[in-house]
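What follows is one structure encoded as structure tokens, with my remarks underneath.
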């Protein structure tokens, strides 16, 4: 809400006009005593005049110059500084009378909010002017600021308003908003209760479906484990049969090798120990035995690829596709039946 336009439509009361005339152009609040009068006949709080003087004379030389914030008149000070300016006792007396009238008007009415001046010690200070408290509100920039920022700082061309007036206005708006929130509390609470009941129902339904899903997958696991055991048994059986066949052949080759080695050793001993006559007597028999052993029976050999077990491979691609496409809702067969029923109708 625009603070400056909120009062358009009614003329200011005499007391409001008087309060405006008794307001300092720097702090925008009623003059605080002592009040000094400048050569241009405009008034300032001595404290505001001192701050204004210090800002233009940071080294505190004797004397100094500053401009009136109302008319920009150049005020020349002597060695006493702002303490050399004459006090405006008339304005101070008018302020006293005005405050007495305000106290009589507000007598018997309890204030709900403490004055802002009682909170001066807790009010934040201006970042650009560390010694200045934030006491006015820039309507243009929508931020609180200090009097020095209005006179010399970045808000000198902005529209400002007393901080207390903006404070009261904003607080009134906030109270209206709080009242609107309070009026809708019952509706919000009812919706929250309904949502809480719905959450509990969702959790119960979710737990039920989780149990059903677990039971369904446990059944699938059981079927797969049973089928897996059957196929593993078949592989083990064929593996044992092939290994037994090869070991039997290996034993036959081993027996032939032993017989050949024994005959070879016997021939070597006969050639070394016997004389020519004795050797010739047994040589013919040894030659015949060696030839018969060399010819020997033709041993069976495993066929090429006998060791392969590729024919025991299980193709699970179709099953994997079905499992990957498994989802909630009707399956494909149910969908097809539903479509056939619709076509018949």
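Out of curiosity, is residue 327 under 60 Å from the mean Cα position of the chain (by Cα), at negative phi and at pLDDT 80 or above?
Taking the combined requirement at face value, the residue satisfies it.
If you check residue 260 against the conditions, is it closer than 30 Å to residue 283 by Cβ and either part of a helix (DSSP H, G or I) or more than 51 Å from the chain's Cα centre (by Cα) (or both)? Steps first, please.
Working: closer than 30 Å to residue 283 by Cβ: yes; either part of a helix (DSSP H, G or I) or more than 51 Å from the chain's Cα centre (by Cα) (or both): yes.
Taking the combined requirement at face value, the residue satisfies it.
Has region 239-248 got at least one residue that is within 30 Å of residue 319 (Cα to Cα), assigned by TED's automatic domain parsing to the domain that holds residue 300 and either assigned to a helix (DSSP H, G or I) or touching a strand residue (DSSP E or B) at 6+ places or on another chain (Cβ under 7 Å) (or both)? First the steps, then the outcome.
If we filter region 239-248 for residues that are within 30 Å of residue 319 (Cα to Cα), which is where we start, we get 239-240.
Still in the list and also assigned by TED's automatic domain parsing to the domain that holds residue 300: 239-240.
Checking the rest, the ones that are also either assigned to a helix (DSSP H, G or I) or touching a strand residue (DSSP E or B) at 6+ places or on another chain (Cβ under 7 Å) (or both) come to 239-240.
Checked against the condition, which is being within 30 Å of residue 319 (Cα to Cα), assigned by TED's automatic domain parsing to the domain that holds residue 300 and either assigned to a helix (DSSP H, G or I) or touching a strand residue (DSSP E or B) at 6+ places or on another chain (Cβ under 7 Å) (or both), region 239-248 yields at least one hit.
Can we say residue 285 is outside any loop (DSSP other than H, G, I, E, B) and either at pLDDT 75 or above or surrounded by 10 or more Cβ atoms within 10 Å (Cβ to Cβ) (or both)?
Spelling it out, residue 285 is indeed outside any loop (DSSP other than H, G, I, E, B) and either at pLDDT 75 or above or surrounded by 10 or more Cβ atoms within 10 Å (Cβ to Cβ) (or both).
The values are calculated or read from the model by the stated rules, or taken from the named source; none is laboratory data. Because the structure is a prediction, the values reported are computed rather than measured. Glycine gets a Cβ as well: all are built from the backbone with ideal geometry, and neighbour counts include every protein chain shown.
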